[in-house]
Amino acid sequence: MEEEERPEVKQMKSSLVLLPFVLVMRWAEANVSVIILMAPPTGQTISQTTGTSTADAETYADFNWDELGFDIVPTDYMYVMKSSEGESFTQGNVTPFGNIEMSPYAGILNYGQGLIEGLKAYRKEDGRVLLFRPEQNAQRLKIGAERMCMSSPSVEQFVEAVKQTVRANKHWVPPQGKGSLYVRPLLIGSGPVLGLCPAPEYTFLVYASPVGNYHKGPLNLVVEDKLHRATPGGTGDIKTVANYSPVCKALTEARAKGFSDVLFLDAVTKKYIEEVSTCNIFIVKDDVISTPATVGTILPGMTRKSIIEIALDFGYQVEERTIPMEDLLEADEVFCTGTAVVVSPVGCITYQDKRVEYKTGAETVSQKLYVMLTGIQTGRIEDKLGWTVEVV
């Protein structure tokens with residue numbers, strides 16, 4: 001694919017993950033309304049910056065990678081393919097990043113029939129680019145699609161779509177140590193429906209954006225004991241879009257009070273910890289690592305799975321179990337895992353006005369696990385487990 005000249009793009013202090021879409025209504029000549037999902041076009045200024053990007057950079061976009069955070073940085077291309085209900089997805093295509101048009105009747109807009117995934121591409125020291133366990137995300141998407149009565153791409157189609165998206169945006173994979181390229185696959189019910197039923201058409205698309213650290217230091221969590229993220233028999237164990245906006249109320253209120261994030265309890269007894277708004281949680285007591293079991297209300301995170309396997313390889317005892325609040329409050333260490341947060345230590349947790357502090361720093365279990373995980377992801381440590389996939 002020949003590279004197209006990129007419009008001038010102003011740098012931004014931080015990068016992107018979720019591209020916030022703006023819904024705009026227009027009326028066609030036939031008096032039929034449609035909704036256009038407006039995404040920031042490449043070149044649009046998102047925040048005050050220092051510098052410009054150029055079209056002819058051999059390896060990197062002309063971007064101040066030291067300023068990279070976790071905000072919007074539009075890249076150049078996305079991948080799109082479609083399927084009718086009950087049919088296989090046809091071959092998709094890489095296309096310039098831009099707006100997509102959709103009927104107001106679309107299943108995703110009316111009934112939230114949609115799934116998201118998140119994974120990252122990393123730059124090695126020699127300039128090559130690696131993906132981390134993309135087939136795991138593909139398999140999780142298929143499980144979610146079955147639960148949501150959606151057609152889904154095959155594992156091979158998913159992985160190939162992600163590879164093509166990363167290759168097309170290779171200039172936006174940060175230098176090693178400066179961040180990563182966050183890749184966001186979306187599966188949405190794009191076909192029109194009026195009554196509640198599965199959509200007749202599905203769209204799978206993949207976009208990407210460079211990101212830095214999600215959090216700048218140890219987390220300061222607050223336990224939410226009134227609102228809940230998931231309930232038994234619900235969709236807490238799949239990555240549906242419907243799981244996330246209901247979390248915003250508790251998260252917004254917590255951040256307004258100075259907390260980093262919210263830890264949710266089980267919805268039945270309110271005695272057991274489940275997960276943070278967008279990541280899994282672990283506790284460490286006397287070198288025994290414990291994490292809540294994924295029993296239907298907790299998302300089986302890819303980073304969670306990898307950290308468990310690394311910890312077992314190190315010789316740690318790892319328990320997947322119900323964890324009462326008492327165990328959390330008495331833990332030596334607490335840390336969170338996720339594609340965005342990677343492995344983030346928790347510095348303190350507040351529960352019913354009681355504040356408990358935890359061990360953080362270079363000698364912690366979480367730091368040891370972080371070094372091994374990120375070493376494998378970036379090619380600094382030999383990948384003996386076959387987790388990485390070379391893309392460029």
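With springs connecting C-alpha atoms under 10 Å apart, model the chain as a Gaussian network and identify which of T59, T294, T278 has the largest mean-square fluctuation.
Most flexible of the set in this elastic network: T59.
Please report the relative contact order for the chain, taking Cα pairs under 8 Å with a sequence separation of at least 6, and give it as a percent rounded to a whole number.
It comes to 16 percent, rounded to a whole number.
Taking only Cα atoms, what is the 0 to 90° angle, nearest 10, from helix 302-314's long axis to the longest principal axis of the chain?
40
When K170, K142, K271 are ordered from fewest to most other Cβ atoms inside 10 Å of their Cβ, what list results?
K271, K142, K170
Taking the C-alpha atoms of segment 219-378, how large are the radius of gyration and the largest Cα-Cα span, Dmax, in Å?
14.7, 41
For the chain, set up a GNM with springs between Cα atoms under 10 Å and report which of S260, S306, S88 has the largest fluctuation.
Ranking S260, S306, S88 by mean-square fluctuation puts S88 first.
Could you list, by residue number, the cysteines of the chain that have no other cysteine's beta carbon within less than 4.7 Å of their beta carbon?
C149, C197, C248, C348
Taking other Cβ within 10 Å of each residue's Cβ, how do C348, C248, C279 sort, fewest first?
With the sparsest Cβ surroundings first, the list reads C248, C348, C279.
If you plug each phi of segment 60-66 into the Karplus form 6.51 cos²θ - 1.76 cosθ + 1.60 with θ = phi - 60°, what whole-Hz ³J(HN,Hα) values come out, in order, with x for Gly and Pro?
10, 5, 6, 9, 7, 5, 5
Which whole-Hz ³J(HN,Hα) couplings does segment 211-222 yield from phi under the Karplus relation 6.51 cos²θ - 1.76 cosθ + 1.60, θ = phi - 60°, glycine and proline marked x?
Using θ = phi - 60°, the values come out as 9, x, 6, 6, 10, 8, x, x, 7, 10, 9, 10 Hz.
Amide H of V392: which non-local residues (sequence gap of 5 or more, or other chain) have their own amide H closer than 5 Å, using H built in the peptide plane?
Distant-sequence amide H within range of V392: V129.
Computed over the Cα atoms, what is the radius of gyration of segment 279-357 divided by 2.2 N^0.38 Å, N being its residue count?
Taking the Cα Rg and dividing by 2.2 N^0.38 Å, one obtains 1.06.
Name the residues whose placed amide hydrogens come within less than 5 Å of the amide hydrogen of L119, ignoring near sequence neighbours (fewer than 5 apart) on the same chain.
Sorted by chain and number, the residues that satisfy this are V183.
Kindly put S245, S151 in sequence by how many other C-beta atoms sit within 10 Å of each C-beta, fewest to most.
S245, S151
What is segment 50-183's relative contact order, in percent, from Cα pairs under 8 angstrom and six or more apart in sequence?
Once divided by the residue count of segment 50-183, the mean separation gives 31 percent.
List the pairs from K120/K170; K178/K216; K285/K384; K226/K354 whose alpha-carbon separation is above 19 Å, in the order I gave them.
Violating the 19 Å limit, Cα to Cα: K285/K384.
Nearest 10 degrees, 0 to 90: what angle lies between the long axis of helix 155-168 and the longest principal axis of the chain (Cα atoms)?
The answer is roughly 70 degrees.
Given +1 on the Cβ of Lys and Arg, -1 on the Cβ of Asp and Glu, and no further charges, what dipole in debye does the chain carry about its Cα centre, rounded to the nearest 20?
In total the dipole reaches around 560 debye.
Grab the alpha carbons of the chain, take their convex hull, and tell me the volume per residue in Å³.
With only Cα atoms used, the chain gives 152 Å³ per residue.
When only alpha-carbon atoms count, how far does segment 182-274 stretch along each of its three principal axes, as whole angstroms with the largest first?
So the three principal-axis extents are 43, 38, 21 Å.
Can you tell me the 0 to 90 degree angle between the C-alpha axis of helix 134-147 and the longest principal axis of the chain, rounded to 10?
Between the helix axis and the principal axis of the chain, the angle is about 80 degrees.
Residue-wise, which Karplus ³J(HN,Hα) couplings in Hz belong to segment 89-95, taking 6.51 cos²θ - 1.76 cosθ + 1.60, θ = phi - 60°, and x for glycine or proline?
Values per residue, Gly and Pro as x: 5, 7, 4, x, 9, 7, 9 Hz.
Running a GNM on the chain with Cα contacts under 10 Å, which residue among S209, S344, S154 ends up with the highest mean-square fluctuation?
S154
Order 156-166, 378-388 from most to least packed using the mean count of other Cβ atoms within 10 Å.
156-166, 378-388
Sort out for me the Cα centre separation of segment 215-259 from segment 94-147, rounded to whole Å.
Segment 215-259 and segment 94-147 have Cα centres spaced 21 Å from each other.
Bear in mind that the values in this text are calculations on the coordinates, not laboratory data. If you're wondering where the values come from, they're calculated on a predicted model, not measured in any experiment. Every residue, glycine among them, receives a Cβ derived from its backbone with ideal geometry; neighbour counts consider all protein chains shown.
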